[in-house]
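Read the structure below first, then the notes.
The values are calculated or read from the model by the stated rules, or taken from the named source; none is laboratory data. As the structure is a prediction and not an experimental result, all values here were calculated from the model. Cβ coordinates were reconstructed from backbone atoms using ideal geometry, including for glycine residues, and neighbour counts include every protein chain displayed. Accessible surface is based on the protein model in full, side chains and every heavy atom, while ligands, DNA and RNA are left aside. Shrake-Rupley method; radii C 1.70, N 1.55, O 1.52, S 1.80 Å.
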Amino acid sequence: SQQGEEDPQALSIQEGENATMNCSYKTSINNLQWYRQNSGRGLVHLILIRSNEREKHSGRLRVTLDTSKKSSSLLITASRAADTASYFCAMRGSYGKLTFGQGTILTVHP
Amino acid sequence: DVKVTQSSRYLVKRTGEKVFLECVQDMDHENMFWYRQDPGLGLRLIYFSYDVKMKEKGDIPEGYSVSREKKERFSLILESASTNQTSMYLCASSSRLAGPPDTQYFGPGTRLTVL
């Protein structure tokens, strides 16, 4: 399976700063998604980028995709304490299966 | 809004017990999934189902089975629980036919401890 690798594993920043998380994968993809998980809870879908797209925005989120490098990044601008969570990238396989990365733990200090 | 519910938030069982984890979704989704989540290992797919009575093995099916008798309900069964099955179990659903493609909607998770 093509589990993604995320980097960094943990990120600690101050409120108002930007947070960047990276995801690399091994085989070709149809789309790549990012999810957020608050402590001890289920995951929530944030944004999806298709393989023919290079950049996508949603509010304070910006996702880029470089299929030649098999990598994606998630940028959260002007972070808030409420953004503290784990963030996962996920690659789509057959039957809508997703393979998740190991996640980046983001801590935003007020 | 899509709602995925799981039967328990916390569960404590003994080694050798048969354990049932239930998941129900209310959006008529075709696909349903069971994951386990462990520190440092991320989410790993145990089983999934793309239709009633259909099931497919994921990456780590050993020690588990599933049942999908109705479209809205997907059950994960631990036939004989072992301590290495102590984990957070997450259920998810998605639709091939409606809504954002491939987006999975997750339940709140069941934290299972096997003693």
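Things worth noting here:
- Summed over both chains, the contact between B and A buries some 1800 Å² of accessible surface at a probe radius of 1.4 Å.
- Share, in percent, of DSSP beta bridges within the range A:5-109 that are antiparallel, nearest 5: 90
- With all protein chains in place and a 1.4 Å probe, the accessible surface of chain A carries 44 percent carbon and sulfur.
- Over all other residues within a Cβ to Cβ distance under 10 Å of A:Arg92, the charged ones net out to +1, with Lys and Arg as +1 and Asp and Glu as -1.
- Lysines with Cα under 27 Å of B:Lys71, excluding same-chain neighbours fewer than 8 positions away: A:Lys97, B:Lys3, B:Lys18, B:Lys53, B:Lys55, B:Lys57
- Solvent-accessible area per residue for the range A:5-109 (1.4 angstrom probe, square angstrom): 47
- Among beta bridges identified by DSSP and lying wholly in chain B, the antiparallel ones come to about 90 percent.
- Taking all pairs of distinct alpha-carbon atoms in chain A, Kirkwood radius in angstrom: 13.9
- A Cβ-based charge dipole, computed about the Cα centre of the protein assembly as shown with Lys and Arg at +1 and Asp and Glu at -1, lands at about 240 debye.
- Radius of gyration (Cα atoms) of chain B, expressed as a multiple of 2.2 N^0.38 Å: 1.01.
- Whichever aspartates and glutamates have a C-alpha closer than 13 Å to that of B:Lys13, once near sequence neighbours (fewer than 8 apart) are set aside: B:Glu79
- Distance between the pseudo-spin-label points of A:Ser58 and B:Thr15 (7 Å out from Cα toward the beta carbon): 4.4 nm.
- Modelled this way, with points 7 Å down the Cα-to-C-beta line, the labels at B:Ile77 and A:Ala78 are 5.3 nm from one another.
- Applied to the range A:14-26, the Karplus parametrisation 6.51 cos²θ - 1.76 cosθ + 1.60 on θ = phi - 60° returns per-residue 3J(HN,Hα) values of 9, 3, x, 7, 8, 10, 10, 10, 10, 9, 10, 9, 10 Hz, with x for Gly and Pro.
- Computed from backbone phi with θ = phi - 60° and the Karplus coefficients 6.51, -1.76 and 1.60, the 3J(HN,Hα) list for the range A:34-44 is 10, 10, 10, 10, 6, 3, x, 10, x, 8, 10 Hz; x is used for glycine and proline.
- Potential lengthening between A:Arg50 and A:His109 on full extension [0.36 nm per residue; Cα-Cα distance subtracted]: 18.0 nm
- Between the range A:8-76 and the range B:3-26, the alpha-carbon centres lie 30 Å apart.
- Volume per residue of the C-alpha convex hull in the protein assembly as shown, rounded to whole Å³: 118
- Efficiency of FRET from Cβ geometry, A:Asp7 and A:Ser28, R₀ 25 Å, rounded to 0.05: 0.75
- Using Cβ point charges alone (K and R +1, D and E -1), the dipole size of the range A:5-109 about the Cα centre works out to roughly 400 debye.
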